[in-house]
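Bear in mind these aren't lab numbers, they're just calculated from the coordinates by the rules spelled out. If you're wondering where the values come from, they're calculated on a predicted model, not measured in any experiment. Glycine also receives a Cβ, built like all others from the backbone with ideal geometry; neighbour counts cover every protein chain displayed.
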Amino acid sequence: MRTDLRIDWEIPATPPGLTGRLERFMGPGKSRSESVVETAGLVGCALLLAAGVWASGAALGWSAIQLVVVALAGLDLVGGVLTNATNAAKRWYHRADPAARRARLLFVGTHLAHLAAMGLIVLSGDWGWALGNGLLLLGGAGAVEFTPLHLKRPVSMAVLMAAVLVNLFWLEVPAVLGWFAPLFFLKLLVCHLVPEAPLERRQDV
């Protein structure tokens, strides 16, 4: 029997003002070890993504605003996958509070702006792509959020795979943007919406 791990749903107090709001957005009580993994993963994967985009040569044909949108989207998705997978985020967004569901779904809904920006700016007005992915996002989020607790994980994997496959065959983008859909739906449908028991090491800081 493991004795060095425990489940802890207790949410630590947060300071007032902007600092507290930021902590609640990211997940209050993040440990130093979580922050280290999150930061190292963000830096490493962001560098890999940037190197891949640059090596493709496609970025040379983008305008400044297209480059900015792609860079911000990449950083947000890479960082968001990691942040939403932390114990701190799980504890906060899946707390026993009726407001938690609204917060989860509102968070998902705000990402329709990501799709609009990619479709309008990076894909030069491809509203079919944006709308198609918007429907996949909302439909997938509804499936995960309202399915019974014991089925949320496999349902999230099913809708993630469906979204990625639809993007591969019917909502195609240039190869240099092939990372967007997998990271986008991984962040929201799996990392954010699936509740996980927040495991903490007894001596973690």
**Prompt:** So which trypsin sites (Lys or Arg not before Pro) in the range 1-78 pass both tests, a DSSP loop state and at most 11 other Cβ atoms within 10 Å of the Cβ?
**Reply:** ARG2
**Request:** For the chain, build the charge dipole from Cβ charges (+1 Lys, Arg; -1 Asp, Glu) around the Cα centre, then report which of PRO15, SER33, LEU188 sits farthest towards its positive end.
**Result:** PRO15
**Message:** Per 0.36 nm of contour for each residue apart, how much would the distance between THR19 and ALA197 grow if the chain were fully extended, relative to their Cα-Cα spacing?
**Reply:** 61.5 nm
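In deg cm²/dmol and to the nearest 500, what is the mean residue ellipticity at 222 nm of the chain if only DSSP H runs of at least 4 residues count, each as -39500 (n - 2.57), divided by the residue total?
Details: 9 runs with 125 residues, N = 205.
Helices in the chain give a 222 nm mean residue ellipticity of -19500 deg cm²/dmol.
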**Asked** the range 1-114: Rg/Rh from Cα coordinates, Kirkwood Rh?
**Response** 1.06
**Message:** Apply the a/c threshold of 1.5 to the C-alpha gyration tensor of the chain and tell me whether it is rounded, prolate or oblate.
**Reply:** prolate
**Prompt:** What's the center-to-center distance, using Cα atoms, between the range 89-128 and the range 151-194 in Å?
**Reply:** 14
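Filter the DSSP H helices in the chain by two things, a Kyte-Doolittle mean of at least 1.6 and an axial alpha-carbon span of 18 angstrom or more, and list the hits by number. Don't skip to the answer; put the middle values down first.
Working: long enough: 32-56 (36 Å, 1.07); 64-84 (29 Å, 1.79); 98-110 (19 Å, 0.29); 127-145 (26 Å, 0.92); 152-169 (26 Å, 1.44).
Answer set is 64-84.
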**Message:** Place a point 7 Å from the Cα of ALA58 along the Cα-to-Cβ direction; which residues of the range 151-168 have their backbone N under 17 Å from it?
**Reply:** 164-168
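Taking square-rooted eigenvalues a ≥ b ≥ c of the alpha carbon gyration tensor, is the range 32-88 rounded, prolate or oblate, where a/c under 1.5 means rounded and, failing that, a/b exceeding b/c means prolate?
Numbers: a/c = 3.94, a/b = 2.28, b/c = 1.73.
Prolate is the answer for the range 32-88, as a/c is 1.5 or above and a/b outweighs b/c.
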**Item:** Debye, to nearest 20: dipole size of the chain, +1 on Lys, Arg Cβ, -1 on Asp, Glu Cβ
**Value:** 500
**Prompt:** So which aspartates and glutamates can LYS30 reach, going by Cα to Cα under 14 Å and dropping same-chain residues fewer than 8 places off?
**Reply:** ASP8, GLU10, GLU38, GLU200, ASP204
